Amino acid sequence: SMGPLEASRPWATKDVVGAHRFLQRVWRLVIDEDSGDTLVVDAELTGETLRALHRTIDGVSEDYVALRNNTAVAKLIEYTNYLTKQYRDGVPRAAVEPLVLMLAPLAPHLAEELWLRLGHATSLAHGPFPVADPAYLVDDTVEYPVQVN
């Protein structure tokens with residue numbers, strides 16, 4: 001999150017704290033800290049969540065291709081915050097598994113552990129990267145401000 005790869009910047013240890021907090025939020029989204037149980041539920045995603053998911057997949061995919069890891073992280077943080085606010089009693093599996101797959105290039109050990117705890121027997125390294133559905137990338141309505149005089 002320090003910026004684009006081609007930008008030269010000095011290493012700042014204080015920046016590690018923000019990344020650590022984000023990874024903790026992802027962990028707490030999936031795993032109960034007290035019991036260690038998985039908090040994921042098998043439920044259908046709402047239309048709003050599907051749009052947020054597919055927009056995140058589309059944005060993160062484009063960012064990884066262009067080596068813009070800093071903006072990919074920002075999109076993952078935004079999606080994690082959305083899931084945290086939207087789902088208090090367990091996040092649907094269909095919303096969390098793509099998040100874990102998108103997180104894997106940046107935090108492979110954490111993503112692998114979460115993937116196994118989600119009940120998968122094989123490594124996520126052998127799974128496909130999520131693909132965005134173009135139908136969810138289009139807004140149903142758009143507001144245009146109009147000013148008279």
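The values are calculated or read from the model by the stated rules, or taken from the named source; none is laboratory data. Keep in mind that what you see is a predicted model, and the values were worked out from it rather than measured. Heads up, the Cβs are rebuilt from the backbone with ideal geometry, glycines too, and the neighbour counts pull from every protein chain shown. Side chains are part of the model used for accessible areas, which takes the heavy atoms of the whole protein and leaves out ligands, DNA and RNA. Shrake-Rupley method; radii C 1.70, N 1.55, O 1.52, S 1.80 Å.
Please name whichever of T71, N149, V138 sits farthest to the positive end of the charge dipole of the chain, dipole taken about the Cα centre and charges placed at Cβ: Lys and Arg +1, Asp and Glu -1. My answer, from the dipole projection, is T71. Distances between every pair of Cα atoms in the chain, grouped in 10 Å steps from 0 to the bin holding the largest one, split as 10, 37, 34, 14, 4, 1, 0 percent. Length gained on full extension, V17 to A94, computed as 0.36 nm times the residue gap minus the Cα-Cα distance: 24.8 nm. Highest mean packing comes first when the peptides 89-96, 122-129 are listed by Cβ atoms within 10 Å, giving 89-96, 122-129. The eigenvalues of the Cα gyration tensor, multiplied by 5 and square-rooted, give region 60-140 an equivalent ellipsoid with semi-axes of 20, 18, 13 Å from largest to smallest. Counting only protein heavy atoms and a probe of 1.4 Å, the accessible surface of region 18-149 is 53% carbon and sulfur. Its Kirkwood hydrodynamic radius, worked out from the mean inverse distance over all distinct Cα pairs, puts region 11-71 at 14.3 Å.
The local environment of W27, defined by Cβ-Cβ distances under 11 Å, has a net charge of +1 under the rule Lys, Arg +1 and Asp, Glu -1. Taken along the Cα-to-beta-carbon direction at a fixed 7 Å, the label points for D140 and L39 span 2.8 nm.
Per residue, the accessible area of region 17-72 comes to 56 Å² when a 1.4 Å probe rolls over the protein heavy atoms.
Charge tally for A132 (other residues, Cβ to Cβ under 13 Å; Lys, Arg +1; Asp, Glu -1): -1. Descending by average beta-carbon neighbour count within 10 Å, the peptides 75-86, 137-148, 37-48, 10-21 line up as 75-86, 37-48, 10-21, 137-148, the highest first. Per-residue ellipticity at 222 nm computed for the chain from its helices equals -16500 deg cm²/dmol, with DSSP H segments shorter than 4 residues left out and the rest contributing -39,500 (n - 2.57).
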